[in-house]
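A quick write-up on the structure given underneath.
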Amino acid sequence: MEIAYFLGCIMNNRYPGIEKATRMLFDKVGIELKDMEGASCCPAPGVFGSFDQKTWATIAARNIAIAEGMGDDIVTECNGCYGSLFEAKELLDENPAKKDEINAVLAETTKYQYEGTSNVRHFAEVLYNDVGLDKLAEMFEKPLDINVAVHYGCHFLKPTAAKQLGDAENPSILDELVEITGAKSVDYTDKQMCCGAGGGLRSRDKSVTTSFTKEKLDNMTKAGVDCIVNVCPFCHMQFDVGQNEVNEQYGTDFHLPVLHLAQLYGLAMGLSADELTFGAQQQDIAPVIKKIN
Amino acid sequence: MSVIDRLKSLFGICKDSEIDETSTENDKLTSEQTSSNESSVSNSDSKIESSKSIVGTDKEEEVKHPKEKIFSKIKKAEKISEKSLDSSEGTEEDISVKSEDNSEDAKETDNERDNMTLLNDNDVYTLDDIDFDFKERFVEAGLETVEHCFQCGTCGGGCPSGRRTPYRVRQVVRKCLLGLKEEVISDPALWMCTTCYTCQERCPRSVTIVDIIKFARNEAAHAGYMADAHKATGKFVIESGHGVPINDQVKALRKNIGLEEVPPTTHKYPEALSEVQAICKACAFDKLVDYQGL
């Protein structure tokens, strides 16, 4: 099996350890990740999607068309990219007039045309459905005896009517994916709540975003977890960088380590903290490393 | 000076003080907005995030909204004064009649009744406030579920933004349906939605609320209501193809762990970046975010 690997922006340009662990994991489970040469920002749903639907849909269609040219489905490990590409595909597949309008812009400006032949998929869902929990568990060398606050993020499962990945109010897919490493997913108040960064809010009104994050951190801390695990580099950045901003805005002292699911799997596969670029993150990973050793 | 003239001058003073009050509110709004802008800027030096992506928000633009509100408030204040003047003659007669009757209690009852009034005349929308095309634009865009909303409020009940900001998602949907375009697009609260979909998931009428909010934001952006910080993110994509572009520190980090130093995106392929820029130009996105140079 092969699949087109959509990088997006934040993962590859800020947290490359996520990319490193993902490439290694997919290689181990026998899925070839094919580079999408010349792909761009998805583009960001909160900014482009909120400003000009035509620009947003055209740039997204160009990205999808790159994978169509490769004859592959797309995998992304960012909820924002997943949401943007998935929604753009849905818009164009269901509205022939819109598809013609966007293809006219693509014909004028690029070498691509959008056909609708590639599916858009999320990394966690590919691992769960195509690889399976049993096979994944075989890849791991050491059990991780830690308590985890799982953060689903918003655009992984929602809108459920379109995504069709199951219930979003009380899901278990990520908890199952975390627990095969030996870690325990600990329930906490308002677990399905947003991190606060999306919809263009982080860049526009950061103090409001920070207030969302504070509520999440309060609830996670009360549950007594060792770290946060997410499946979205934007949520990841919000919990990592945003945690300092919470401490600054509220005088708190939160220091929860933040891991993307790929990084958690990286630790379980025996990768070092340096290979997973934890050193470039704001929150110290040391307490987690200490506990698993 | 007649009693009526004295009353008129009295209400004249009232009118001025109304304006003073709203001006003060304007100042307050402006200073709040400015301080939040400053906090955005002060956070920009964080280690991991591109500091450029969060430079400044549009102070001038933010100031514009409260000002517009103030003008309408002043207009409304004038209306009240006029109405008060019109009714003052009657009131004077009433007072004289009532004082003859010594009916102080009846007067108090009237005041209580006034306090219980749910709407004042100036709270009522008129046809002048309605843009009849506005709702149709939603329907044409495939968002016909805006018409299905029955205002139960389930959306607002679960909204994490509504807990901490003036964003009232049920009201926005209602205003879109009513055609209150200017009120919807000029309200900065429209931008408080994180698109978390909680409202949409729980809506018993399957209204595509998030798409409605995003469409309303498109209308707002095209009417000039856009924060500078958002324009800046748009500019990053025009310049690099990425909302969060790479930097030298991350290039080194990538190399250290055995990844390609520059990812195989628009960062590596200039011709790919040219295509993204051509799309932005063809869709006039560059003009929308005030980008010069395409």
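Just the number, please: buried accessible area between A and B, total of both chains, 1.4 angstrom probe, nearest 100 square angstrom. Please report the intermediate quantities before stating the final value.
Numbers: alone 12340 and 19160 Å², together 25270 Å².
The buried area between A and B, both sides summed, comes to about 6200 Å².
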Over 25 Å between alpha carbons, listed pairs A:216/A:291; A:142/A:184; A:214/B:255; B:181/B:214: A:214/B:255
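Quick test of the membrane-span-like rule: which DSSP H helices of chain A reach at least 18 Å along their long axis (C-alpha atoms) with mean Kyte hydropathy at least -0.5?
Numbers: long enough: A:16-29 (20 Å, -0.21); A:53-70 (26 Å, 0.16); A:79-94 (22 Å, -0.36); A:96-109 (20 Å, -0.44); A:206-222 (24 Å, -1.05); A:233-250 (24 Å, -0.89).
Qualifying helices, which must be both long enough and hydrophobic enough, are A:16-29, A:53-70, A:79-94, A:96-109.
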Span per principal axis, largest first, for the Cα atoms of the range A:176-287 (Å): 39, 28, 26
The range A:133-195, relative contact order [Cα under 8 Å, separation at least 6], %: 48 percent
From the C-alpha gyration tensor of the range B:131-186, square roots of 5λ in Å: 21, 13, 8
Cα gyration tensor shape for the range A:1-157, rounded if a/c is under 1.5, else prolate or oblate: prolate
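With Cβ to Cβ distances under 10 Å as the rule, what net charge do the other residues near residue B:251 carry (K, R +1; D, E -1)? Don't skip to the end; give the middle numbers.
Numbers: positive: B:254, B:255; negative: B:248, B:260, B:261.
So the environment of residue B:251 carries a net charge of -1.
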Environment charge at residue A:1 (Cβ cut-off 9 Å; Lys +1, Arg +1, Asp -1, Glu -1): -3
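The values are calculated or read from the model by the stated rules, or taken from the named source; none is laboratory data. All of these numbers come straight from a predicted model, not from anything done at the bench. Using ideal geometry, Cβ is built from the backbone for each residue, glycine included, and neighbour counts are taken over all protein chains shown. What goes into the accessible areas is simple: the full protein's heavy atoms, side chains included, and nothing from ligands, DNA or RNA. Shrake-Rupley method; radii C 1.70, N 1.55, O 1.52, S 1.80 Å.
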